[in-house]
Amino acid sequence: MHFADTNLHEPLAESAPLMWRQAHEECGPQCRAYHGVWQYLRLLGVITSIRGDGAYFIEAIRRLARDGELRRVLISGAADYGTLAHVLAACRAEHVDPEVTVVDLCPTPLLNNVWYAQRTRAHIETANSDILAFADREPFDLICTHSFIGRFDPQARAKLLGRWFDLLRPGGWVLTSKRVRPGHTEPTIRYDSTQADAFVTRLRKAAIAYPGQLDVGLDELLQAGRDYVRTKFNYNLRSPEELQAVFTATGFEVVELDTPEPLPASIDKPSVVEHGNSRRVRVLARRPL
């Protein structure tokens, strides 16, 4: 099986309206603007999220599983079930059944992960917690997360890496990905008004062209898209070397720093607006023995 071609996103049409409802029941106003529309953006191809890094994640996790390194896995921050889907697919390909814990500050993505776990006959634990305050009964073998580092300013980012370091056993791993933007000098990445209008226009076209049932009205979906681009931002990292330094400053050994050639904008669609020559960087780092 070629995992680059594996469709781990097949449940989106079923999951998107469910997460929409859960977000309106569970989220606060700021969080709802992100979680409510997130899976619709993925379903309609307006953003690509973890899909662009999926094959790399699965192959990396399979290698660790083959080496007997994956008894306990922590998913640190979860927009939806996407990271869990890749962890489960990789581990099951190697006939490994790890204990998986998903941690997030909001209950909505946790409910989405529970839904996916039940759908795929997996057992997971969830913790509705700030990762900076999270602790568990024993250390983890792997922390897996996607684009989560960008949610933290430099000071909080250092605390995040320190928490990850403490949550891992000696020899434990972190697998993650972050988009870097060499041409962007501002500390944050945000949509300006022109970019926001263009995003909503793309969302409208994608929704009208979608061949299935979205279970949400077009006007309501577009308003959710406007709320998303109004509130969505990430903290910027400018280079692979800057990202690597975040890990080494905390004591991690960066084993792989994968910097694939940028994909065309028509294929690789970031969750925060594009700036110049941005590119994905995948990191596999280890807490030293």
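The values are calculated or read from the model by the stated rules, or taken from the named source; none is laboratory data. Note that the structure is a prediction, hence the values are computed from the model and not measured. With ideal geometry, Cβ positions are generated from the backbone for all residues, glycine too; neighbour counts draw on all protein chains shown. Heavy atoms of the whole protein, side chains included, go into the accessibility calculation; ligands, DNA and RNA do not. Shrake-Rupley method; radii C 1.70, N 1.55, O 1.52, S 1.80 Å.
Here are the numbers for the structure shown:
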{"quantity": "Gap separating the Cα centres of the range 83-98 and the range 216-288, nearest whole Å", "calculated": "23"}
{"quantity": "Radius 13 Å from Cβ of Arg21, net charge of other residues (Lys, Arg +1; Asp, Glu -1)", "calculated": "-4"}
{"quantity": "About the Cα centre, charge dipole magnitude for the range 66-177 (Lys/Arg +1, Asp/Glu -1 at Cβ), debye", "calculated": "100"}
{"quantity": "Cysteines in the chain that, by Cβ-Cβ distance, have no pairing candidate under 4.7 Å", "calculated": "Cys91, Cys106, Cys144"}
{"quantity": "Total formal charge among the other residues, if their Cβ is under 11 angstrom from that of Pro107, Lys/Arg +1 and Asp/Glu -1", "calculated": "-3"}
{"quantity": "Three-way shape call for the range 1-140 based on the alpha-carbon gyration tensor, with the a/c threshold at 1.5", "calculated": "oblate"}
{"quantity": "Translational diffusion coefficient (Stokes-Einstein; Kirkwood radius from C-alpha pairs) of the chain at 4 °C, 1.567 mPa s, in µm²/s", "calculated": "67"}
{"quantity": "Percentage relative contact order, the range 106-206, counting C-alpha pairs under 8 Å, at least six apart", "calculated": "26"}
{"quantity": "Listed residues Val114, Val87, Val255, most fluctuating in the chain (Gaussian network, C-alpha, under 10 Å)", "calculated": "Val255"}
{"quantity": "Percentage relative contact order, the chain, counting C-alpha pairs under 8 Å, at least six apart", "calculated": "21"}
{"quantity": "Shape of the range 109-225, Cα gyration tensor, a/c cut at 1.5", "calculated": "oblate"}
{"quantity": "Carbon/sulfur fraction of accessible area - the chain, other protein chains in place, 1.4 Å, %", "calculated": "49"}
{"quantity": "Length-normalised contact order of the range 28-131 in % [C-alpha pairs under 8 Å, at least 6 apart]", "calculated": "25"}
{"quantity": "Net charge dipole size for the chain [Lys, Arg +1 and Asp, Glu -1 on Cβ; Debye, nearest 20]", "calculated": "300"}
{"quantity": "Top of Gln30, Gln195, Gln213 by mean-square fluctuation, Gaussian network on the chain, Cα under 10 Å", "calculated": "Gln213"}
{"quantity": "Sequence ranges 51-57, 141-147, ranked by mean other-Cβ count within 10 angstrom, highest first", "calculated": "141-147, 51-57"}
{"quantity": "Estimated [θ] at 222 nm from DSSP helical runs (n ≥ 4, -39500 (n - 2.57)) normalised by residues in the chain, nearest 500", "calculated": "-13500 deg cm²/dmol"}
{"quantity": "Per residue accessible area of the range 107-189, 1.4 Å probe, in Å²", "calculated": "42"}
